[in-house]
Amino acid sequence: MTLDDELYQDRILDHYEEPFHRGSCPGATHAHEEENPLCGDVVRIELALEPDGRIRDAFFDGEGCCISQASASLLMERMVGKHLDDVKRFSAEDMLELFGARLTPNRQKCCLLPWRTLQTAIFSPVESGTGDGTKPD
Amino acid sequence: MSAAPSSHLDVTRLRADFPILRTILHKSDQNPGVPLAYLDNAATTQRPRQVVQAIVDVYEKHYANVHRGIHWLSEQSTDLYEEARRKVQTFIAAAQPEEIIFTRGTTESINLVARSWGDANLKPGDEILLTEMEHHSNIVPWQQAAERTGAIVRWLPITDEGRLALGAFDQFLSSRTRIVALTAVSNVLGTINPLAPIIAAAHRGGALVLVDAAQGVPHQKTDVAALGADFLAFSGHKMLGPSGVGVLYARRELLDAMPPFLGGGSMIRRVTTEGFEPADPPAKFEAGTPPIAPAIGLAAAIDYLEHVGVDAIAAHERALSARAHDVLHSIDGVRVLGPGPEQSGGIVSFVIDRIHAHDIAQLLDRQGIAVRAGHHCAMPLHKRLGLAATTRASFYLYNTPEEVDALGTAIEEIKRVFRRK
């Protein structure tokens, strides 16, 4: 299987076409948006955190290539119900492994955009949100 | 589909001059590979052997620093460098060789004007008129000049078809407009702008005009005298020449009045502990050791283009563009940008419904097709179009109708990968 066949496989296309939790997160307490200015990809992640640090809900929105959008969907699916400590422990390598398909260095950046966004989102409380004041650390 | 293009170029013979075009990509034990279809000429072009040989000859036979040595080699090198300047002068019909400044590229040429002419002439409230279809290299230097001088950048809009809204030109050209800076050909839409009437109108309003001819000079006959351009900038690497050399054409009286840009060796008449006295143009604007071998390589590229014929190249590109429009229009879900092949050069940008430009470019690469995906250094234009990224195919003299057809076939394949009908 070539790199491209691996990349544009059904599992990834499914996440691109019918993403998990695309939209805005009800009762979001934390949110962050990142952009890859080189290609214009944008990912926004909104989280609803419980006082004990559990991720009650997680949504993404954005615009970009198949990789950045599918990886955001995969990441949301993985993180709902997890704890903040799990997010912090979830490394870039873990993200590439979750994505599954091998990627050239250039397109690894697309895959890691949602992961970077999430890592900042957990430290970015929503100012005017209905948040219950959870501070992750 | 329209009939095969009526091209007078013997493309098969031309391609033999470009060894890189014989590249086979993605070859492995299981895969016989695919031939390269190089459709990224608006980014940079390839070089024929004649240009490569000219550069080899410089370094093997003639190279020394220019305008310096009393020795034989330095004279050889200087002669070739100045001959290159005269070749550029003739190619764009400038009145004197002193009006040709060698720079590192279009970007440096425009920065030179914005820094030197701009800082000396722009006052608070003066207006710089750009267009919505400019490349960043003809935007940012003017934004920087505006920051330094208090001048204001204004934007001539484009129509939905991707032409300049020339009906509104008089509204945007005010008594405060000091310079109009616009592209000869849009690097995204391919739109060929009607330079002569725009320049005449700007001059009637008392403004100077800078033409970004990076996509113009390589693809259409350019006559600065007939156009009446005050400044015109272009790059060697987009016209079969080496990277690292570009040209600024400017009218002599402007160059005489402008302060030097970069300071250093060559650009002075004399230096004392108290100060310096600048040299005359063109040396005044060529501080330091210039791009000697690249300039000589550019002269060889001009020889090659003239031998083939710039008008014949333009006709060939138009035919390829027309074919590309036909091929792309016939595919569901593909939208071609720009005003259509009659008014655009060899640049065809498109979007495919719900498939991102980077995915398109990656999957085209699998078929050996090299295109550009992204905002093509024209973010304000993409904002105007309401698009984050587009895919661009751009043609030159060595491209073939078969490569255009391969682009169409590959796009059908991409739709299959994305499970689209």
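The values are calculated or read from the model by the stated rules, or taken from the named source; none is laboratory data. Treat the numbers as computed from the prediction; the structure is a model and nothing was measured. Counting neighbours? That spans all protein chains shown, and the Cβs are built from the backbone with ideal geometry, glycine included. The accessibility values were calculated without ligands, DNA or RNA, using every heavy atom of the protein model including side chains. Shrake-Rupley method; radii C 1.70, N 1.55, O 1.52, S 1.80 Å.
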Taking the stretch B:216-233 and keeping only residues that are closer than 16 Å to B:GLY345 by Cα and open to solvent by less than 10 Å² (accessible area, probe 1.4 Å), one is left with B:GLY216, B:VAL217, B:PRO218
A:CYS65 vs. criteria within 13 Å of another protein chain (Cβ to nearest Cβ), closer than 23 Å to B:ALA373 by Cα and in contact with a strand residue (DSSP E or B) (Cβ under 9 Å, 6 or more places away or on another chain):
yes
Among the residues of the stretch B:14-31, the number that are more than 13 Å from chain A (Cβ to nearest Cβ) and closer than 12 Å to B:GLY368 by Cα is 4
For the condition more than 19 Å from B:TYR81 (Cα to Cα) and either under 26 Å from the mean Cα position of the chain (by Cα) or modelled with pLDDT of 95 or more (or both), what is the one hit in B:ALA229, B:ALA283, B:ALA287?
B:ALA229
What's the total number of residues in the stretch B:384-421 that are buried (at least 17 other Cβ atoms within 10 Å of the Cβ), at pLDDT below 95 and part of a loop (DSSP other than H, G, I, E, B)?
4
Show me the helices (runs of 4 or more DSSP H) entirely contained within the stretch A:60-120 in which 1 or more residues are touching a Phe, Trp or Tyr at 6+ places or on another chain (Cβ under 6 Å).
A:66-79, A:92-99
Return yes when A:GLU46 is open to solvent by 40 Å² or more (accessible area, probe 1.4 Å) and either modelled with pLDDT of 95 or more or not in a helix (DSSP H, G or I) (or both) and no when it is not.
no
Test B:LEU381 against the stated conditions and say whether it is in a helix (DSSP H, G or I) and more than 9 Å from chain A (Cβ to nearest Cβ).
yes
Being over 13 Å from B:LEU210 (Cβ atoms) and open to solvent by less than 10 Å² (accessible area, probe 1.4 Å) is the filter here; which residues of the stretch B:127-149 pass it?
B:MET133
Among the residues of the stretch B:34-51, are any under 22 Å from the mean Cα position of the chain (by Cα), more than 16 Å from B:GLY236 (Cα to Cα) and in a loop (DSSP other than H, G, I, E, B)?
yes
Number of the exception - A:ASP52 against (1) within 14 Å of chain B (Cβ to nearest Cβ); (2) open to solvent by 20 Å² or more (accessible area, probe 1.4 Å)
(1)
Give the number of residues within the stretch A:16-40 that are within 13 Å of chain B (Cβ to nearest Cβ) and modelled with pLDDT of 90 or more.
5
For the stretch B:282-326, give me each residue that is within 13 Å of B:LYS221 (Cα to Cα), of a type in the set (D, E, K, R) and touching a helix residue (DSSP H, G or I) at 6+ places or on another chain (Cβ under 9 Å).
B:GLU306
Within the stretch B:163-173, does at least one residue satisfy the condition of being within 16 Å of the chain's Cα centre (by Cα), of a type outside the set (D, E, K, R) and more than 18 Å from B:LEU210 (Cα to Cα)?
no
Taking the stretch A:89-115 on its own, how many of its residues are surrounded by fewer than 17 Cβ atoms within 10 Å (Cβ to Cβ) and within 13 Å of the chain's Cα centre (by Cα)?
4
What tally of residues in the stretch B:333-368 results from selecting those that are within 14 Å of chain A (Cβ to nearest Cβ), outside any loop (DSSP other than H, G, I, E, B) and either of a type in the set (A, V, I, L, M) or open to solvent by less than 10 Å² (accessible area, probe 1.4 Å) (or both)?
9
Between residues in the stretch B:338-364 that are under 13 Å from B:PHE418 (Cβ atoms) and without any contact (Cβ under 8 Å) to a residue 12 or more places away in the chain and residues that are part of a helix (DSSP H, G or I) and open to solvent by 10 Å² or more (accessible area, probe 1.4 Å), which pairs lie under 7 Å by C-beta distance while being six or more apart or on different chains?
B:GLN362/A:ASP4
Scan the stretch B:185-215 for residues that are open to solvent by 10 Å² or more (accessible area, probe 1.4 Å), farther than 19 Å from B:SER349 by Cα and in a loop (DSSP other than H, G, I, E, B) and jot them down.
B:PRO194, B:GLY205, B:GLY206
Could you list, in sequence order, all residues of the stretch B:386-415 that are more than 10 Å from every other protein chain (Cβ to nearest Cβ) and without any contact (Cβ under 8 Å) to a residue 60 or more places away in the chain?
B:GLY386, B:THR391, B:GLU402, B:THR409, B:ALA410, B:GLU413
Any residue at all in the stretch B:298-307 that's at positive phi, more than 14 Å from chain A (Cβ to nearest Cβ) and at pLDDT 95 or above?
no
